[in-house]
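Structure below; questions to follow.
The values are calculated or read from the model by the stated rules, or taken from the named source; none is laboratory data. What you are looking at is a predicted structure, and each value in this text was computed from that prediction instead of being measured. Backbone-built Cβ (ideal geometry, glycine too); neighbour counts: all protein chains shown.
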Amino acid sequence: MPERTHIQGVIVLSPNYNAFTKIPEILGPEATEETVDDECTLPSGSNGSLRYRVSTGGISFQGDLIDYGVDDIPRFMAWLKNLTGTLTLGGHEVQEVIASAIVEHGSCYIAAWDWHTKRICHWEESRPLRYERLS
């Protein structure tokens with residue numbers, strides 16, 4: 001059974017309307033199962049890449065990546081760190097980042113923006129996840 005990783009996140013940026021049009025250029029094209037794109041630099045599984053949406057508040061991204069597992073998480077974290085660095089150099093002020101990567105039947109990783117260091121920091125929970133009902 002292939003590993004599957006659920007990824008979602010948001011990057012909140014300060015309003016810089018002139019620079020927002022350049023975000024799709026920075027992120028590049030998405031890939032799907034049907035359209036393999038050699039230009040795609042987004043984290044990708046065998047079923048395609050993360051999907052993203054750009055709004056005036058920032059960027060949101062999500063994906064349910066097949067054949068993307070625990071060994072791929074360092075590449076996801078590196079992509080996120082590189083992206084925030086590129087956005088900063090492109091004239092955006094990163095205000096907040098929160099992202100999660102949950103490997104099915106495995107680990108949970110959380111990444112967040114550290115205001116003091118202006119860098120991404122992350123945590124790992126490597127034991128099997130336990131779900132509790134909230135009510």
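Restricting attention to the range 65-74, which residues are in contact with a Gly (Cβ under 8 Å, 6 or more places away or on another chain) and either in a strand (DSSP E or B) or hydrophobic (A, V, I, L, M, F, W, C) (or both)?
Scanning the range 65-74 gives Leu65, Ile66, Val70.
Between a first residue in the range 113-135 that is closer than 28 Å to Thr84 by Cα and a second residue that is at pLDDT 55 or above and part of a loop (DSSP other than H, G, I, E, B), which pairs have beta carbons less than 8 Å apart while being 6 or more apart in sequence or on different chains?
Every condition considered, the pairs that remain are Glu124/Ser107; Glu125/Ser107; Ser126/Gly106; Ser126/Ser107.
Another question about this same structure. For the range 25-44, give me the residue count where each residue is exposed (fewer than 15 other Cβ atoms within 10 Å of the Cβ), in contact with a strand residue (DSSP E or B) (Cβ under 7 Å, 6 or more places away or on another chain) and either at pLDDT 90 or above or β-branched (Val, Ile, Thr) (or both).
Total satisfying the criteria: 1.
State which residue is farthest from Ala99 (Cα to Cα) when the search covers only the range 47-59 and only residues that are in a loop (DSSP other than H, G, I, E, B) and modelled with pLDDT of 90 or more. Don't jump to the end; show me each part of the working.
Step one: list which residues in the range 47-59 are in a loop (DSSP other than H, G, I, E, B), which gives 47, 50, 56-57.
Now restrict to residues that are modelled with pLDDT of 90 or more: 47, 50.
Numbers: Asn47: 20, Leu50: 12 Å.
Here the answer is Asn47.
Which one of these does Lys22 not meet: (1) modelled with pLDDT of 85 or more; (2) under 26 Å from Trp115 (Cα atoms); (3) over 13 Å from the mean Cα position of the chain (by Cα); (4) among the charged types (D, E, K, R)?
(1)
Name the single residue that is modelled with the highest pLDDT among those in the range 8-19 being among the small types (Gly, Ala, Ser) and over 13 Å from Leu83 (Cβ atoms). So that I can check it myself, show each step before the final result.
Restricting attention to the range 8-19, the residues satisfying the condition of being among the small types (Gly, Ala, Ser) are 9, 14, 19.
Filter once more, keeping what is over 13 Å from Leu83 (Cβ atoms): 14, 19.
Numbers: Ser14: 84, Ala19: 68.
My answer is Ser14.
One line per residue, one yes/no per condition, for (1) in contact with a strand residue (DSSP E or B) (Cβ under 6 Å, 6 or more places away or on another chain); (2) crowded, with 21+ Cβ neighbours inside 10 Å; (3) modelled with pLDDT of 90 or more; (4) charged (D, E, K, R):
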position: Phe76; (1), (2), (3), (4): yes, yes, yes, no
position: Lys81; (1), (2), (3), (4): yes, no, yes, yes
position: Thr86; (1), (2), (3), (4): no, no, no, no
position: Gly90; (1), (2), (3), (4): no, no, no, no
position: Ala101; (1), (2), (3), (4): yes, yes, yes, no
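In the range 45-74, what residues are of a type in the set (Ser, Thr, Tyr) and crowded, with 18+ Cβ neighbours inside 10 Å? Break it down stepwise before answering.
Of the range 45-74, the ones of a type in the set (Ser, Thr, Tyr) are 46, 49, 52, 55-56, 60, 68.
Hits for the range 45-74 are Ser49, Tyr52, Tyr68.
Would you confirm, using the coordinates I've provided, whether Val97 is in a strand (DSSP E or B), free of Cβ contacts under 8 Å to residues at least 40 places away in the same chain and touching a helix residue (DSSP H, G or I) at 6+ places or on another chain (Cβ under 9 Å)? Even if it seems obvious, please write down each step before you answer.
Values: in a strand (DSSP E or B): yes; free of Cβ contacts under 8 Å to residues at least 40 places away in the same chain: no; touching a helix residue (DSSP H, G or I) at 6+ places or on another chain (Cβ under 9 Å): yes.
Against the criterion (in a strand (DSSP E or B), free of Cβ contacts under 8 Å to residues at least 40 places away in the same chain and touching a helix residue (DSSP H, G or I) at 6+ places or on another chain (Cβ under 9 Å)), Val97 does not qualify.
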